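What follows is a set of notes on a single structure, which appears directly below.
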Amino acid sequence: MAARKSRAGSAASSWLPKLRGSAADQKARAAADAEQRRAEGQSPKSIILNAKDVQGEYDAQRMLMTTLGGEVRPLTNSDLEAFRHNIRQAQSRYKGGIRARQVIELSRADDRARANEQIRTAVPVSAYGSRVRFMTPAGPDSKVTHHHVIVDFLSYASAASGARGDGKKSAEWLRREPLRIECDCGRWRYWYRYIATIGKFNAGRDETGYPKIRNPSLHGVACKHILRVMAEVESSGSVVAFLARLIDKARARDDNKVSVQTTQEEAEKLAGKPASRVRDVETSMRQRQRDREKAALARAAKKAEAKPPKTVAAASRRATKTAAATLAAQFNLSPEQVLAVLAKASQQGK
Ligand SMILES: [Zn+2]
């Protein structure tokens with residue numbers, strides 16, 4: 001670990017290309033993706049399950065496959081019904097935009113693990129108005145060296161308005177607000193772009209084909225690259241500084257459509273930042289889970305305390321023990337830990 005840290009610097013940023021021309025690279029990748037998708041959709045042998053199919057016009061002679069239930073098998077009418085159910089469920093979860101914290105919380109454990117192990121950094125490279133482009137390294141098995149992640153900050157105009165204090169304060173506020181996201185990797189394309197489209201948090205081209213093979217249950221929301229970017233948006237000072245620069249510039253020009261660019265030197269410094277300084281996705285997840293459990297436990301304790309004691313001392317002690325055991329099982333703690341929290345909560349209540 002120590003050896004890895006000391007190498008931080010030029011080696012750690014070797015994945016980062018020249019920033020000049022990287023916007024064109026991102027546009028070219030998006031155009032190629034859109035063109036491939038268009039061609040696949042128009043092919044007579046298309047295996048895309050589109051909205052009309054999902055609605056019930058699917059022709060069984062097409063013999064499309066699904067993995068719903070775990071195994072590859074031909075698609076049936078009851079699958080379509082399950083898909084319609086999954087779509088309604090996913091749609092009810094998102095109200096237009098998604099917060100960085102939600103992206104992390106709704107992600108799959110395997111994507112989080114990959115973000116932690118493989119994607120150790122993300123750099124804000126450029127912004128035009130609300131749209132910020134980040135770059136991340138690609139994973140070890142990838143054909144490319146880096147990916148572009150687009151984050152559209154939906155409350156940018158409000159942050160720029162001046163209602164939230166100076167640039168830095170406004171940036172702090174903005175990064176916790178709803179956003180839209182996009183990545184140029186295959187995971188995003190085949191697993192998540194569809195979910196983002198129906199959930200209204202997709203920052204790029206709409207995907208209308210149901211992911212019947214890769215992700216028929218519509219689980220998860222984002223790839224490892226987006227997860228690393230979300231962890232940065234949530235907790236990194238360099239993202240706040242970048243957003244503050246954007247907001248300050250918009251105010252100075254009296255125009256929200258301004259652009260900000262990171263220099264090559266700045267980007268390399270950010271890319272070479274030791275990994276330990278980036279708050280891990282998994283760690284922040286666990287911390288929040290613990291905070292939530294503690295809060296729930298404290299609420300339960302307060303409720304229990306509010307009830308007037310009506311039994312003799314021995315019975316009351318027995319009841320406390322039983323309650324502690326029940327709460328312990330519920331919160332995955334030992335009865336002793338529960339009693340300690342109860343004691344603390346009752347002290348705070350006085
Ligand atoms: Zn990705």
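One chain, two ends: ALA295 and ALA32. Fully extended at 0.36 nm per residue, the span grows by 89.8 nm beyond their Cα-Cα distance. Under 19 Å of direct C-alpha separation, and excluding same-chain neighbours fewer than eight residues apart, LYS168 reaches these aspartates and glutamates: ASP152, GLU177, GLU232, GLU234, ASP248, ASP254, ASP255, GLU266. Residues in the range 239-244 carry Karplus couplings, in order, of 5, 4, 4, 5, 5, 5 Hz; the curve used is 6.51 cos²θ - 1.76 cosθ + 1.60 with θ = phi - 60°, and Gly or Pro positions show x. Stokes-Einstein diffusion of the range 2-274 at 25 °C, 0.890 mPa s viscosity, Kirkwood radius from Cα pairs, rounded to a whole number: 124 µm²/s. As I understand it, the dipole of the range 66-208 uses +1 on the Cβ of Lys and Arg and -1 on the Cβ of Asp and Glu, about the Cα centre. Which of THR67, CYS185, ASN77 lies farthest toward its positive end? Sorting the options by dipole projection puts first CYS185. About its Cα centre, the dipole of the range 2-274 is roughly 500 debye, where the only charges are +1 on Lys and Arg Cβ and -1 on Asp and Glu Cβ. The packing ranking, built from the mean of other Cβ atoms within 10 Å per residue, places the peptides 51-64, 140-153, 225-238 in the order 225-238, 140-153, 51-64, highest first.
Throughout, read-outs are computed from the coordinates displayed, never taken from laboratory work. Just so we're clear, the structure is a prediction, and the values are computed from it rather than from any experiment. For neighbour counting, all protein chains shown are included, and Cβ atoms are generated from backbone atoms with ideal geometry for every residue, glycine included.
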